[in-house]
1. Within the stretch 26-64, which residues are aliphatic (A, V, I, L, M) and under 18 Å from the mean Cα position of the chain (by Cα)?
2. S96: within 15 Å of the ligand (Cβ to nearest atom), of a type in the set (G, A, S) and at pLDDT 95 or above, yes or no?
3. All but one of (1) surrounded by 15 or more Cβ atoms within 10 Å (Cβ to Cβ); (2) away from the ligand (no atom under 13 Å from the Cβ) hold for K200; which doesn't?
4. Residues being free of Cβ contacts under 8 Å to residues at least 60 places away in the same chain and surrounded by 15 or more Cβ atoms within 10 Å (Cβ to Cβ): count how many of those fall in the stretch 184-194.
5. Scan the stretch 146-162 for residues that are more than 24 Å from T243 (Cβ to Cβ) and aliphatic (A, V, I, L, M) and report the count.
6. Out of the stretch 46-77, which residues are at pLDDT 95 or above, surrounded by fewer than 20 Cβ atoms within 10 Å (Cβ to Cβ) and more than 24 Å from I224 (Cα to Cα)?
7. So in the stretch 363-417, with the set limited to residues that are of a type in the set (S, T, Y) and either farther than 21 Å from C349 by Cβ or at pLDDT below 95 (or both), which one is farthest from the ligand (Cβ to nearest atom)?
8. Taking only the stretch 210-220 into account, find how many residues are part of a strand (DSSP E or B) and either of a type in the set (A, V, I, L, M) or within 15 Å of the ligand (Cβ to nearest atom) (or both).
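The values are calculated or read from the model by the stated rules, or taken from the named source; none is laboratory data. Remember, it's a predicted structure, so these values are computed and weren't measured experimentally. For neighbour counting, all protein chains shown are included, and Cβ atoms are generated from backbone atoms with ideal geometry for every residue, glycine included.
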Amino acid sequence: MSGLRCFSLSPPRGANTLMETSGFSDTQLQVREAISKICSKYPDEYWAAHDESGEYPLELHRDLSKDGWIGIALPEYLGGAGLGISEATMMLHTISESGAGMAGAQSIHANVYATQPVAKFATPEQRQRMLPNLINGTWRACFGVTEPNTGLETLKLRTQAIRSGDTYKISGQKIWISSAQVATKMILLARTTPLEEVQKPSEGLSLFFIDFDRQQPGLELKRIKKMGGRAIDANEVFFDNYTIPADSLIGKEGQGFKIVLHGMNAERCLLAGEALGLGYAALYRASNYAKERVVFGRPIGMNQGIQHPLADAYMHLEAAKLATYHAARLYDQSTTDETVTQAAVGVACNSAKYLAAEAAFTACERSVLSLGGMGYAQEYHVERYLRECFVPRIAPVSREMIMNYVGEKVLGLPRSY
Ligand SMILES: Cc1cc2nc3c(=O)[nH]c(=O)nc-3n(C[C@H](O)[C@H](O)[C@H](O)COP(=O)(O)OP(=O)(O)OC[C@H]3O[C@@H](n4cnc5c(N)ncnc54)[C@H](O)[C@@H]3O)c2cc1C
């Protein structure tokens with residue numbers, strides 16, 4: 001350990017954190033305990049080194065898949081645990097909070113949520129063919145939606161899948177695809193009917209579960225250098241007549257947008273959990289530091305200028321936590337209870353993602369500032385958290401688009417975009 005580390009900042013390991021855990025179900029707490037145990041094998045130094053090298057955390061993925069965690073919200077007959085998004089959110093929250101941050105959580109993130117629409121809309125034969133190997137860790141999947149020329153206007157996406165006999169030929173470009181360098185499968189949203197030929201832009205999109213085979217002609221990747229979470233690669237993906245079997249199609253052709261929405265609300269909950277984990281981890285470090293660091297003859301945490309911003313950040317995290325687990329509960333309830341509408345689920349999941357991302361940003365920024373110069377040093381880890389906490393503010397849907405959505409759908413204001 002270098003001379004920079006002059007204070008002991010024991011890392012939060014699940015239960016050893018600031019978060020109030022009362023009110024969670026026994027199952028959620030069991031998930032938290034088991035995941036904390038796995039994550040305790042991966043200390044801060046592991047994550048700092050992987051952030052520096054950009055190397056994928058294969059070992060964590062292996063440990064989580066070995067114990068069946070990737071299938072936490074998938075049916076037991078496929079090798080999953082048959083739990084819900086409430087438990088999956090707790091899992092990703094706990095991974096992030098262990099000090100692994102977004103990088104640790106994102107090592108399995110897409111495999112947990114993007115498999116939800118596959119489990120729901122694929123045929124029984126497809127489910128058996130596609131999901132058990134993802135759950136047991138033999139395969140890894142990436143999720144391909146975003147395109148360079150359409151951004152958040154997902155319905156305008158232009159990557160085409162053109163039917164040709166027993167195959168589809170895919171051409172187009174995706175961007176920001178996480179884990180594509182290590183993935184062997186992709187869950188892909190592409191146009192099967194050109195935008196000009198559909199009545200509504202939400203029509204004519206289809207969802208595919210495809211082999212992601214870099215040795216096959218027509219598929220190229222280019223890694224994007226990025227600000228944080230560098231252990232997880234982000235990529236531009238180029239398809240040029242890349243051929244896939246026709247039975248890669250999930251659900252009905254042209255219905256892909258409706259199908260993928262099923263996974264998107266789940267993803268918002270998971271990402272909210274990841275943001276919360278990061279915020280609590282940062283706050284834990286900042287409050288420990290503020291107790292120990294003495295300047296002007298007293299701990300800096302004795303100054304209200306340090307104490308109050310941290311207390312305020314804690315309360316915002318706790319409020320966002322309630323919104324997040326409320327949204328996850330509604331999501332799970334809506335799978336069996338028709339009185340919980342998809343509109344209610346959508347508003348709750350989007351609101352939770354927004355609130356958690358903002359609370360995490362506040363906690364991370366204030367933690368860096370509370371550590372003063374050491375907040376800026378890699379060795380204290382909070383600068384890494386601050387870099388990572390921008391992701392839930394931007395992706396998978398930005399703060400601005402969530403406000404547009406709530407403004408229009410809840411407040412009934414004119415659509416602004
Ligand atoms: C680290 C990382 C990992 C990612 N992983 C994946 C992945 O695995 N798979 C995948 O498909 N995608 C992934 N994404 C992409 C992510 O979902 C997009 O970056 C996100 O949806 C934003 O799209 P954009 O970058 O094209 O922004 P743009 O659409 O270009 O928007 C830029 C800015 O303009 C604002 N804006 C645009 N229109 C309006 C409007 N009408 N009103 C107000 N504000 C507006 C937006 O809010 C945003 O702030 C990832 C992104 C990041 C950063």
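1. So in the stretch 26-64, the residues aliphatic (A, V, I, L, M) come out as 29, 31, 34-35, 38, 48-49, 58, 60, 64.
Those that are aliphatic (A, V, I, L, M) and under 18 Å from the mean Cα position of the chain (by Cα): V31, I35, L58, L60, L64.
2. On the way: within 15 Å of the ligand (Cβ to nearest atom): yes; of a type in the set (G, A, S): yes; at pLDDT 95 or above: yes.
In short, yes.
3. Of the numbered conditions (1) surrounded by 15 or more Cβ atoms within 10 Å (Cβ to Cβ); (2) away from the ligand (no atom under 13 Å from the Cβ), the odd one out for K200 is (1).
4. In the first step, residues of the stretch 184-194 are kept if they are free of Cβ contacts under 8 Å to residues at least 60 places away in the same chain; the result is 184-186, 188, 191, 194.
The next check asks that each one be surrounded by 15 or more Cβ atoms within 10 Å (Cβ to Cβ); those that pass are 184-186, 188, 191.
The total comes to 5.
5. 2
6. R62, D63, P75, E76, Y77
7. Narrowing the stretch 363-417 to residues of a type in the set (S, T, Y): 367, 370, 376, 380, 385, 398, 405, 416-417.
Cutting the leftovers down to either farther than 21 Å from C349 by Cβ or at pLDDT below 95 (or both) gives us 367, 370, 376, 380, 385, 416-417.
On the way: S367: 21, S370: 26, Y376: 22, Y380: 23, Y385: 14, S416: 6, Y417: 3 Å.
Checked the stretch 363-417; the qualifying residue farthest from the ligand (Cβ to nearest atom) is S370.
8. 2
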